[in-house]
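Q: Handing you this structure, nothing more for now.
No value in this document is a laboratory result; all are computed from the given coordinates. Please read all numbers here as calculations on a predicted model, not as lab measurements. Don't worry about glycine lacking a Cβ; one is built from the backbone with ideal geometry, like all the others, and counts go over all protein chains shown.
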Amino acid sequence: MADISAGAWTALAAWLAVVAGIAALIYAWRQYQRAQQQTAQLLQPNVAMFMEPSATDWHLIELVVKNFGRIPAYGIRFEFANPPTVGKYESAYEDRFVDIAPLNLPAEIPYLAPSQEWRIVWDSALDRRELGEAIASRFDGAVTFFDQPTKHGKPNRHQYRSTAVLDWATLHPVERLELLTTHDLARQEKQKLELLRSLLTYFHYASSESREEVLRAEINRVRSAADELRDRYRAQYNHAPISDNNVENVAFDEAHTTVINGRHRRDVL
């Protein structure tokens with residue numbers, strides 16, 4: 001090391017500087033490519049396919065195709081190994097058997113703008129539950145789409161593919177409890193006031209009676225009615241069996257909603 005001249009040290013330092021500069025350029029180039037790739041991913045369509053309950057009727061399930069990307073998607077097509085199926089309930093036989101047919105999907109969705117979606121009513125969860133294992137519940141598929149429209153057949157656009165698993169088992173159970181709306185709550189309060197007014201009227205006329213045997217008879221009648229009402233509600237709400245397949249009676253202090261075989265009945269207290 002002591003025999004190395006100053007010129008050799010200068011040349012070595014120059015070579016080290018060149019190597020460090022090349023390494024810095026390679027790092028900067030990779031960072032630039034990564035940024036370009038991230039920008040390209042952001043500036044491309046992102047189409048997804050999924051299923052969700054209808055906003056107007058909870059037991060109706062819709063198939064939705066939505067573009068979550070920042071640019072439009074073109075030529076959206078469906079790919080299914082086994083296409084989604086639906087029961088042809090309008091042509092059910094006398095023995096309640098129905099034919100199973102593929103869901104009527106379009107051959108292509110020409111265009112979806114950013115945040116735009118296409119949807120179709122797939123099936124009813126109530127009707128599908130009655131079919132049981134006779135109809136498939138899981139469908140593996142995908143959607144393919146392009147980032148540009150077709151221009152005179154030139155291959156100047158990129159194709160993308162998004163996979164999806166459509167599984168009816170992942171949805172909420174068919175037995176669904178709905179809370180009362182504000183209108184229903186107001187109606188309940190009005191009925192409670194009517195009940196209170198009727199009780200006060202009854203008390204007014206009953207208290208004007210002076211005969212002891214009549215008052216005792218009225219007391220026993222009211223007490224018997226109160227005990228009967230209490231026992232009925234206690235048996236109905238506290239001791240009724242609840243199963244997964246058949247919800248006999250379900251009560252909440254806030255909602256007072258009863259579900260029977262997937263149907264709803266609101267009890268007025």
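Q: Using a Förster radius of 35 Å, what is the FRET efficiency between Leu103 and Ala235 based on their Cβ-Cβ separation? Nearest 0.05, please. All intermediate terms of the calculation are to be shown ahead of the outcome.
A: Numbers: r = 45 Å, r/R0 = 1.29.
Computed FRET efficiency for Leu103 and Ala235: 0.20.
Q: Hey, another quick one. Multiply the residue gap between Val121 and Glu194 by 0.36 nm, knock off their C-alpha separation, and tell me the result in nm, one decimal place. If you can, show how the numbers build up before the last one.
A: Details: separation 73, 0.36 × 73 = 26.28 nm, distance 4.33 nm.
Gain on stretching Val121 to Glu194: 21.9 nm.
Q: To continue, here is another question. Pop the C-beta distance of Ser137 and Glu79 into the FRET formula with R0 = 22 Å and round what comes out to the nearest 0.05.
A: Numbers: r = 19 Å, r/R0 = 0.88.
It comes to 0.70.
Q: Quote the FRET efficiency, to the nearest 0.05, computed for Leu171 versus Leu43 with a Förster distance R0 of 51 Å and r equal to the Cβ-Cβ distance.
A: Numbers: r = 34 Å, r/R0 = 0.67.
Calculated transfer efficiency: 0.90.
Q: A further question follows. Grab the Cα-Cα distance for Thr144 and Leu25, subtract it from 0.36 nm times how many residues apart they are, and report the gain in nm with one decimal.
A: Gain on stretching Thr144 to Leu25: 39.0 nm.
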